[in-house]
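Peer 1: Let me give you the structure first, and then I'll get to my questions.
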Amino acid sequence: MLDDVVRGFAEACRLGDVAAVRAALDPDAVAVCDGIGRVPAATGAIHGEEDVSRLVTALLCGRPDTELTVESVNGRAGLALRRAGRAIAVVGVRQAGARVTGLWIVLNPAKLGGWHRR
């Protein structure tokens, strides 16, 4: 069931379905971005399904020429966003029941090298 939650979340992102993204999030969801100033990213934790859904929509949804896949991130189902085989974001997903409760979004290019497809 846990992977199903992440798969559903990924599909909502792929479709750019903001309502489905929001519905997949726990009302108290938290997202943290790791861009270390090298790429535009939110600073500090983002709280609540409304703000987290806006962040997710901006970072992961409707990005031209990208591929969003469900992959193992730190031993759990997570997401990888790639453009032309190069990772541009990796997302660790925490969930409880059928809802996403937390996202750790790595955007720092220095940390994404191992995620590039060759």
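Peer 1: Taking region 85-107 on its own, how many of its residues are in contact with a Leu (Cβ under 7 Å, 6 or more places away or on another chain) and over 17 Å from Val70 (Cβ atoms)?
Peer 2: The number of residues fulfilling the criteria is 0.
Peer 1: Tell me, which strands (runs of 3 or more DSSP E) wholly within region 67-118 include 1 or more residues that are more than 17 Å from Leu25 (Cβ to Cβ), touching a Cys at 6+ places or on another chain (Cβ under 7 Å) and of a type outside the set (Phe, Trp, Tyr)?
Peer 2: Numbers: elements: 76-83, 86-96, 99-106.
Result: empty, no element qualifies.
Peer 1: Among the residues of region 15-51, what is the count of those that are part of a helix (DSSP H, G or I), at pLDDT below 95 and not acidic (Asp, Glu)?
Peer 2: Within region 15-51, residues that are part of a helix (DSSP H, G or I), at pLDDT below 95 and not acidic (Asp, Glu) number 2.
Peer 1: Tally up the residues in region 66-90 that are loosely packed, with under 13 Cβ neighbours inside 10 Å, without any contact (Cβ under 8 Å) to a residue 24 or more places away in the chain and closer than 15 Å to Arg117 by Cα, please.
Peer 2: Of the residues in region 66-90, 2 are loosely packed, with under 13 Cβ neighbours inside 10 Å, without any contact (Cβ under 8 Å) to a residue 24 or more places away in the chain and closer than 15 Å to Arg117 by Cα.
Peer 1: Restricting attention to region 102-118, report how many residues are crowded, with 18+ Cβ neighbours inside 10 Å and among the polar types (S, T, N, Q).
Peer 2: 0
The values are calculated or read from the model by the stated rules, or taken from the named source; none is laboratory data. From a predicted model like this one, the values you see are computed outputs, not experimental measurements. Neighbour counts are summed over all protein chains in view; Cβ atoms, including those assigned to glycine, are modelled from backbone coordinates with ideal geometry.
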